[in-house]
Amino acid sequence: MVKTKIIKINPKNPDLKILEGVAEELKKGKLVVYPTETCYGLGTNALKVRAVRKIYETKKRPLKSNLTVIVDSLETAKKYGKISKLAEKLVKKFMPGPLTLVVERKKNFPKLTNLAFAFRISSNPIANYLAKFSKVPVVATSANPHGKPSIYSGKEAIQKFKGKVDIILDSGKLRKIKPSTIVDLRNKKPKLIREGPIDFKRILEFLD
């Protein structure tokens, strides 16, 4: 059993010193539960394969399924993924926000099961600062056992993950929003993987 550090954090005015410290731990490969613009997420340094394996084990998630990441900027996304003009256009229109884009990964992004680079820029300040301060892509899978409903309260996150992760950032109750829309851009036409808060129809209309 892991000794879990539980930190209460103000979602509107988070303590940046606390987040800098948490980001350092995350960068080392520690597992962190944190709020996003949709539900609570389970994260670590996506560049550390051993830490990413722990995420799969903790969630009891099949290794064949890809994990998404949060990055702090388009520039960071370009370091690890092959960003086309189309992808850049969508980033500038819909991010920060609940849209995840799947692009070809670059060789410096670990393979494991990540055959692609699936990223978003979060509009939640806490998630955004973790990515900014850690300077790495942060795993952004939902903080729930595989196949179970998403978690929207810090209290439930503590119940489910105390003793399993290193840090839980409790920012209270989140508004219930579906997990992010996921769009695959690896082929000529954008392909919807998961419908979320941003309608796929709206994305297609914007591109037209």
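A few comments on the model shown:
- Flag for Gly21 being under 13 Å from the mean Cα position of the chain (by Cα) and surrounded by 14 or more Cβ atoms within 10 Å (Cβ to Cβ): no
- Top-ranked residue of segment 59-95 - restricted to ones that are touching a strand residue (DSSP E or B) at 6+ places or on another chain (Cβ under 8 Å) and not aliphatic (A, V, I, L, M), ranked as nearest to Val139 (Cα to Cα): Thr68
- Of the strands (runs of 3 or more DSSP E) lying entirely inside segment 149-208, those carrying at least 1 residues that are among the hydrophobic types (A, V, I, L, M, F, W, C) and touching a Phe, Trp or Tyr at 6+ places or on another chain (Cβ under 6 Å) are 167-170, 191-194.
- Neighbours by Cβ (under 6 Å, 6+ apart or cross-chain): first from segment 127-151, touching a residue at least 12 places away in the same chain (Cβ under 8 Å) and under 14 Å from Val52 (Cβ atoms); second among the β-branched types (Val, Ile, Thr) and assigned to a loop (DSSP other than H, G, I, E, B): Pro137/Val71; Val139/Thr44; Ala140/Thr68
- Cβ-Cβ distances below 8 Å connect the following pairs, each with a first residue in segment 57-74 that is closer than 27 Å to Met1 by Cα, a second residue that is surrounded by fewer than 17 Cβ atoms within 10 Å (Cβ to Cβ) and of a type outside the set (Val, Ile, Thr), and a separation of six or more residues or different chains: Lys59/Pro145; Lys59/His146; Lys60/Pro145; Lys60/His146; Arg61/His146; Pro62/His146; Leu63/Leu112; Asn66/Leu115.
- Considering Ala23, Ala87, the condition of being in contact (Cβ under 8 Å) with a residue 60 or more places away in the chain, in contact with a Ser or Thr (Cβ under 6 Å, 6 or more places away or on another chain) and either of a type outside the set (S, T, N, Q) or within 16 Å of Ala131 (Cβ to Cβ) (or both) is satisfied by Ala23 alone.
- Residues of segment 8-30 that are among the aliphatic types (A, V, I, L, M) and either under 16 Å from Tyr152 (Cα atoms) or touching a helix residue (DSSP H, G or I) at 6+ places or on another chain (Cβ under 6 Å) (or both): Ile9, Leu19, Ala23, Leu26.
- Search result, residues across segment 115-133 that are of a type in the set (Ser, Thr, Tyr) and either under 12 Å from the mean Cα position of the chain (by Cα) or under 15 Å from Ile167 (Cα atoms) (or both): Ser122, Ser123
Laboratory data are not the source of any read-out in this text; all were calculated from the coordinates shown. Keep in mind the model is a prediction, meaning the values are calculated, not measured. Quick reminder, even Gly has a Cβ in these numbers, built from the backbone with ideal geometry, and neighbours come from all protein chains shown.
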